[in-house]
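Here the structure is laid out as structure tokens; the discussion comes afterwards.
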Amino acid sequence: MFANKTRTLPQIINDISQDQDRKYGLNLTDRKTMANNRSYYVNAKFRNVVATETHVWTNAQNNRHLAPGEIQSLDEKLKYSMEADLKDQFILVEAMTKKGNYLNIKIKPNEHWWSDLQYQMYSRNKFYYVFFFTFVNDKEKLNRKHHWFAIRKTIAEVEAMGDNNDHALITMHDDVCVFNENSFDGKDEGDNLKQYTTMMKLQDLVEMQRFRPDRPDSQDYNINLTFEKCIDNKTQIDFVPIVYQLKYKNLQNKYAEDFERKKGLQPHMLVFDVQKMEVVRHTSILAKIQARRYTRRNEMGFNEYTLTRTSDVFNQKKGFFDQHKGHAGDLASSQIVKYQLSTQYYLPNELKCDPDEDELEFFLRQEPSKATIELVEYNIQFSCCH
């Protein structure tokens, strides 16, 4: 006799997260570059399978009742995890043409300095995969550098890499989309949107990472991006929603109310166009200045957000003459999607701050249970290619 024990999606996500921490651990650089950015992918074909860049697990488990004299149970739960010595070199992504299958992709060459490259997440639609990375240089304590960038590959390119691991996802001659510190001082809204990103060759980004006393253009962990936490690969969306946070180096005031009133310090929800590889829409998600004092933060001092899709994707096809750019025969569409953004705030009457204590250390030691959660929903209407 068999009994089926089904675990919920949050439970299996928690299982994978705990297994990743137990198997791989988290070093200091990982905590800085991966804070709150683990993404979990529900398989497009097998709805009981959840994956990350290193794990593939099911959320169901069959156990047989033990008969007298039996000493073990039948455990048919699928558990696959990548070896620890391979996790910085390879990632698992779900295939597009072979539904339900996974590809093992080599993300970078074998040279030692590529260890500065840290994978974050991927997104895909009918035509492309988009991969997000951070590039970290902590070797120079007085000139630390930290950049976020995205790289796009076609479906055929990614599946060819899955068949042949001699080809890496990223090479020095690839074009990458680098996220900038937006000054929000453009002459109009279009200029402000363009300031979010810059296209360049990876070799140019590597040059920016190198220490040069005559060019102090370090970002020094002033940008943080937050992505969707749980992604359903059955749904193909033509944009990537991103929470963008920026902090200035001259932010010294304890609560920094005067600085936070400046437009540049407001967290923003971004709509990143996969076809154009640029930000096409943004909106401020700044809470009240007084409430920002009590926002739960990560180790780098950024607010902690959780981004979740809460609706199906409504696709409205455009006219016969509106085609996807570069994809003849495929009609362009307008997509409407709803997302929920959650933020934790500590209760003011539970906070007892020592005036001599560092503010960030104080917030990090607070008990998360003594907090309230704010849920805000955003409806995004995205028209591709227009």
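What follows is calculated from the coordinates using simple rules that are stated; it is not laboratory data. Everything numeric here is computed off the predicted structure, so don't read it as measured data. Every residue, glycine as well, gets a Cβ built from its backbone with ideal geometry; the counts of neighbours run over all protein chains shown.
Each of Y378, Y122 was scored by other Cβ atoms within 10 Å of its Cβ. Listed from fewest to most, they are Y378, Y122. Phi angles of the range 7-12 translate, via the Karplus equation with coefficients 6.51, -1.76, 1.60 and θ = phi - 60°, into HN-Hα couplings of 9, 6, 4, x, 5, 5 Hz per residue; Gly and Pro are given as x. Students often get this wrong, so check it: of K108/K229; K108/K187; K23/K247, which have C-alpha atoms separated by over 30 Å? From the list (K108/K229; K108/K187; K23/K247), the Cα-Cα distance tops 30 Å for K108/K187; K23/K247.
Neighbour counting of Cβ atoms within 10 Å sorts the residues E181, E94, E377, fewest neighbours leading, into E377, E181, E94.
Among M172, M82, the ranking by other beta carbons within 10 Å of each residue's beta carbon, starting with the fewest, stands as M172, M82.
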